[in-house]
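Below is one structure, written out as structure tokens; the observations come after it.
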Amino acid sequence: MVVAIETVGLCLFFFILCFLGTGTDDKNLKSFSSYPDEVQTLIRNNEDYRAKV
């Protein structure tokens, strides 16, 4: 029973860590150079993201 509680607790903890650390614009733009050229052009032309690139 204790192992099941520990497993659920750890899974929940790691899920929250991953969930909070993903999906942000700053994190996604770190790999900007791997995006296709047409996507890079769109991002460079977007006023919101231009300063971040």
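Every number in this text was worked out from the coordinates using simple rules, so none of it is lab data. Keep in mind the model is a prediction, meaning the values are calculated, not measured. Methodologically, a virtual Cβ is constructed for each residue, glycine included, from the backbone with ideal geometry; neighbour enumeration extends over all protein chains shown.
Which one is right for this structure if Cα extents along the principal axes in Å is calculated from it: (1) 47, 20, 17; (2) 25, 24, 21; (3) 55, 19, 11? Given (1) 47, 20, 17; (2) 25, 24, 21; (3) 55, 19, 11, the calculated one carries the label (3). Taking the Cα centre of the chain as reference, the dipole from Cβ charges on Lys and Arg (+1) and Asp and Glu (-1) amounts to some 120 debye.
Can you list the trypsin sites (Lys or Arg not before Pro) in the chain that are in a DSSP coil and have 14 or fewer other beta carbons within 10 angstrom?
Details: sites: Lys27, Lys30, Arg44, Arg50, Lys52; in loops: Lys30, Lys52.
Passing both the DSSP loop test and the Cβ count: Lys30, Lys52.
Put a dot 7 Å past the Cα of Met1, heading toward its Cβ, do the same for Leu17, and the two dots end up 2.8 nm apart.
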